[in-house]
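What follows is calculated from the coordinates using simple rules that are stated; it is not laboratory data. Keep in mind that what you see is a predicted model, and the values were worked out from it rather than measured. Cβ sites come from the backbone with ideal geometry, for glycine too, and all protein chains shown count toward neighbours.
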Amino acid sequence: MHVKKLFTLVFIQKENEILLGLKKRGFGMNKWNGFGGKVEPNETIIDAAARELKEECCLIVKPGDLKNIAHLEFTFEGQPTLMDVRVFSTKIFEGTPKETEEMKPKWFDNDGVPFDDMWLDDKLWFPYLFQGKPFFGHFHYEGFDKILNYKIEEQVSMEAFYANRKLK
Ligand SMILES: Nc1nc2c([nH]c(=O)n2[C@H]2C[C@H](O)[C@@H](COP(=O)(O)OP(=O)(O)OP(=O)(O)O)O2)c(=O)[nH]1
């Protein structure tokens with residue numbers, strides 16, 4: 001049995017660009033990533049996503065403008081934790097990205113994403129993100145630098161994915 005922990009991950013996009021942040025501390029330090037973190041007790045997932053985005057790069061989004069585009073799961077060999085990551089994207093935001101204690105934001109062209117300085121799995125699923133295809137991904141790591149096995153499954157919609165999951 002795994003112990004599930006819930007996280008958010010938000011990608012801010014323009015027509016051909018994506019905003020990433022260089023994580024300055026903690027888990028995933030020195031990697032470029034979207035913005036997100038743990039969901040607090042008594043907080044909805046989507047409110048947590050908007051809160052973390054604001055805390056990490058000072059951009060404001062209306063929770064209703066965040067589109068759930070993926071569900072990621074991460075497990076680690078020999079560890080009981082299952083990281084359950086709800087992924088959102090939007091092109092609608094207010095403000096200018098600002099560096100914070102946690103993240104240094106930067107816009108990248110879609111064809112210039114720095115995969116060598118990101119989590120290993122990201123290069124496997126960013127094509128779905130860029131093509132706007134909803135998906136589920138599970139990645140089983142040994143340590144943080146080796147993927148032992150994984151699956152990525154395109155979904156008809158995330159609503160259908162969660163409805164189907166509840167039935168199981
Ligand atoms: N792109 C990508 N993101 C990942 C992977 N694994 C993983 O945890 N993440 C994301 C999910 C979360 O947004 C973030 C981890 O959350 P965090 O530890 O920064 O959470 P937090 O801000 O609440 O933590 P804290 O430092 O405040 O305690 O990293 C991965 O393999 N690829």
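Numbers at a glance
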| item | result |
| --- | --- |
| Sparse-neighbourhood loop sites, GluC sites (Glu not before Pro) in segment 67-168 - DSSP loop, at most 11 other Cβ within 10 angstrom | GLU77, GLU101 |
| SER89, SER157 arranged by Cβ crowding within 10 Å, fewest neighbours leading | SER157, SER89 |
| Residue of ASP65, ASP109, ASP145 that the Gaussian network model of the chain assigns the largest fluctuation, springs spanning Cα pairs under 10 Å | ASP145 |
| Inter-label distance, nm, simple model (7 Å from Cα along the C-beta direction), ILE45/ASP109 | 3.5 nm |
| Stretchable slack from LEU120 to ASP84, in nm (0.36 nm times residue separation minus alpha-carbon distance) | 11.3 nm |
| Reachable lysines from LYS123, criterion Cα separation under 16 angstrom, eight or more residues apart if same chain | LYS31, LYS133, LYS146, LYS151 |
| Proximal aspartates and glutamates to LYS5, defined as alpha-carbon separation beneath 17 angstrom and excluding residues fewer than eight positions away on the same chain | GLU40, GLU43, ASP47, GLU52, GLU73, GLU77, ASP84 |
| Label point distance in nm, ASN30-THR96, each placed 7 Å from Cα along Cα→Cβ | 3.1 nm |
| Cα→Cβ-extended label distance, 7 Å offset, between LYS38 and ALA163, nm | 3.4 nm |
| Three-way shape call for segment 113-168 based on the alpha-carbon gyration tensor, with the a/c threshold at 1.5 | oblate |
| Residue-averaged [θ]222 nm for the chain, counting only DSSP H segments that reach four residues, each worth -39500 (n - 2.57) | -6000 deg cm²/dmol |
| Selection of trypsin sites (Lys or Arg not before Pro), segment 45-106, meeting DSSP coil and at most 16 other Cβ within 10 Å | LYS91, LYS98 |
| Relative contact order %, the chain, counting alpha carbon pairs below 8 Å whose residues are six or more apart | 25 percent |
| Qualifying trypsin sites (Lys or Arg not before Pro) for segment 8-39 [loop in DSSP, other Cβ within 10 Å: at most 13] | LYS14, ARG25 |
| Distance violations [Cα-Cα > 22 Å] among LYS62/LYS98; LYS4/LYS62; LYS14/LYS166 | LYS4/LYS62; LYS14/LYS166 |
